[in-house]
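Report on the following structure.
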Amino acid sequence: MKHRWGSLQRSGFVYFIRFIGEKYIKIGLTTREPKVRLQQLKRQYKHPLEILHVIKTDNAAETEKAFHSEFKSKNVINEWFELTEEDIKEIKGIEKI
């Protein structure tokens, strides 16, 4: 997608981060290292978090949007979803998009 300020298509990562011991998973994007984003979220939420999976992508925004759309029925609030173990297993099979 072109915009007057340049391309909005940016490579990066779509991450799946979970509260440790909980069932809620955040599907988000970052153009930096996912571990940096994890540290930011740990400060924000004050609860132990873990990265479940990371997918490298040439278009982080579109890839994140596709996952949000795919799991729309499992959305809890904002970017947090209640995914099944089967969903997680399928996601973990994806390395790059």
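Can you name every residue in segment 63-97 that is assigned to a loop (DSSP other than H, G, I, E, B), closer than 24 Å to residue 10 by Cα and not β-branched (Val, Ile, Thr)? Step through it out loud before you land on a result.
From segment 63-97, those assigned to a loop (DSSP other than H, G, I, E, B) are 71, 78-79, 83-84, 93-95, 97; that's our starting set.
Applying the additional criterion that residues be closer than 24 Å to residue 10 by Cα yields 71, 78-79, 93-95, 97.
Answer for segment 63-97, where residues must be assigned to a loop (DSSP other than H, G, I, E, B), closer than 24 Å to residue 10 by Cα and not β-branched (Val, Ile, Thr): 71, 78, 79, 93, 95.
Which residue out of 94, 51, 88 is within 14 Å of the chain's Cα centre (by Cα) and at pLDDT 95 or above?
Within the list 94, 51, 88, the selection yields 51.
Please specify each residue of segment 54-93 satisfying the condition of being within 15 Å of residue 29 (Cα to Cα) and without any contact (Cβ under 8 Å) to a residue 40 or more places away in the chain.
Hits for segment 54-93 are 65, 66, 69, 78.
Among the residues of segment 22-62, which ones are out of contact with any strand residue (DSSP E or B) (no Cβ under 6 Å at 6 or more places or on another chain), in a loop (DSSP other than H, G, I, E, B) and farther than 18 Å from residue 87 by Cβ?
Within segment 22-62, 32, 33, 46, 48, 58, 59 qualify.
Tell me, which residue of segment 1-27 that is under 15 Å from residue 97 (Cβ atoms) and modelled with pLDDT of 90 or more is surrounded by the most Cβ atoms within 10 Å (Cβ to Cβ)?
14
Surrounded by 12 or more Cβ atoms within 10 Å (Cβ to Cβ), out of contact with any strand residue (DSSP E or B) (no Cβ under 6 Å at 6 or more places or on another chain) and either at positive phi or not β-branched (Val, Ile, Thr) (or both) - does that describe any residue in segment 73-84? Give the steps one after another, and end with the answer.
Keep residues of segment 73-84 that are surrounded by 12 or more Cβ atoms within 10 Å (Cβ to Cβ), which gives 74-76, 79-83.
Filter once more, keeping what is out of contact with any strand residue (DSSP E or B) (no Cβ under 6 Å at 6 or more places or on another chain): none.
Within segment 73-84, not a single residue is surrounded by 12 or more Cβ atoms within 10 Å (Cβ to Cβ), out of contact with any strand residue (DSSP E or B) (no Cβ under 6 Å at 6 or more places or on another chain) and either at positive phi or not β-branched (Val, Ile, Thr) (or both).
The values are calculated or read from the model by the stated rules, or taken from the named source; none is laboratory data. This is a predicted model, so every value here is computed, not measured. Please note: Cβ atoms are built from the backbone with ideal geometry, for glycine as well, and neighbour counts cover all protein chains shown.
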